[in-house]
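Visitor: Before anything else, here's the structure in question.
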Amino acid sequence: MQDIELGLTKMERAAIRVIPPILGAILGWYLPVIAKWILKLPWLPYEDLVEKIASYSGITTSAILCIIGAVAGVALSQFIFYETLTVIINRESVLLKIRKTQDSFRKQAIQSVYLDGKSLVLVGLQENEMYKEAYDANKEKLAQAFLSMGYPWFYEDPYLASYRRWEESDLQVPAAAHSLLRARKGYLKDDEDSKARQLQKDLAKMGIAIKDRKGGQYIRLDNTLTQNEYNDIK
């Protein structure tokens, strides 16, 4: 059986390439007119900037703004492609591509695959979280693709009952992990998602999986950490 590739469809890719530049160009062309309309509002932020944009006039200015808008649209298209996860599955392994990274996992090394909200999760034989990344394409097609290739797909998180809310007093969590969790809490509060995502990956390598909930960070220790703790007791 051939590889199955999942992610953006050809139609979606075409739309992403075309629509943002067109909308950007249109918005740029009519930006002075839009700014004049905004000035009629009873209150608005950055009023000086809006007044300056509204003062622009002439075909040359509109053409320049049109080009700037189109370029901004192209940049947005590239950003969408950059942030979109592509999944390539065959009977031996799964390849995951996003941003500038590629990660490959052998099927024999995978204990479970599932969606945690909008995130695709791969868990290893020691119940260690090997991979977690946002997946925005068709969820049912993703499930059917993994099942058709013989992967251990779960429609719900099979480890859900093992999660507990992170507390700084938790003695089962190593001190280094507590430091990362404290830092990640701050990044989440400041909406620094990329830094929080990197710390989530670092913690996963240490044996700690994370779920973010309104009440805080919820953690699960994999078998590597729990076995180490058992050995320390012995």
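Read-outs throughout are calculated quantities, based only on the coordinates presented, and are distinct from any laboratory measurement. Quantities reported herein were computed from a predicted structural model and do not represent experimental measurements. Methodologically, a virtual Cβ is constructed for each residue, glycine included, from the backbone with ideal geometry; neighbour enumeration extends over all protein chains shown.
Visitor: If I take every Cα pair under 8 Å that is 6 or more residues apart in the range 4-82, average their sequence separation and divide by the length, what percent do I get for the relative contact order?
Guide: 48
Visitor: Let me ask another. Taking the chain on its own, what percent of its Cα-Cα pair distances exceed 30 Å?
Guide: 46
Visitor: Just to be sure I understand: with springs between alpha-carbon atoms less than 10 Å apart, which residue in Lys195, Lys211, Lys132 has the highest mean-square fluctuation in the Gaussian network model of the chain?
Guide: For the chain, modelled as a Gaussian network with Cα springs under 10 Å, the answer is Lys195.
Visitor: If you average the C-alpha positions of the range 60-93 and of the range 149-215 separately, how far apart do those two centres end up, in angstrom?
Guide: When both Cα centres are located, 30 Å separates them.
Visitor: For Gln108 and Val71, calculate 0.36 nm times their separation in residues minus their Cα-Cα distance, and state this gained length in nm to one decimal.
Guide: 8.8 nm
Visitor: Would you work out which of Leu221, Gly69, Ala143 lies farthest towards the positive end of the dipole of the chain, given +1 charges on the beta-carbon of Lys and Arg and -1 on that of Asp and Glu, about the Cα centre?
Guide: Gly69
Visitor: What is the dipole size for the chain, taken about its Cα centre, with +1 at each Lys and Arg Cβ and -1 at each Asp and Glu Cβ, in debye to the nearest 20?
Guide: The dipole magnitude comes to about 320 debye.
Visitor: Determine the alpha carbon to alpha carbon distance for each of Lys118/Lys211; Lys10/Lys195; Lys97/Lys195; Lys100/Lys141 and list only those over 22 Å.
Guide: Lys10/Lys195; Lys100/Lys141
Visitor: Please report the relative contact order for the chain, taking Cα pairs under 8 Å with a sequence separation of at least 6, and give it as a percent rounded to a whole number.
Guide: 16
Visitor: Further question on the same structure: Determine, for each peptide in 163-173, 17-27, the mean count of other beta carbons within 10 angstrom over its residues, then list the peptides with the highest first.
Guide: 17-27, 163-173
Visitor: Continuing with the same structure: Would you be so kind as to identify which of Phe79, Gln2, Ser55 lies farthest towards the positive end of the dipole of the chain, taking Lys and Arg as +1 and Asp and Glu as -1 on Cβ and the Cα centre as origin?
Guide: Of the options given, the answer is Ser55.
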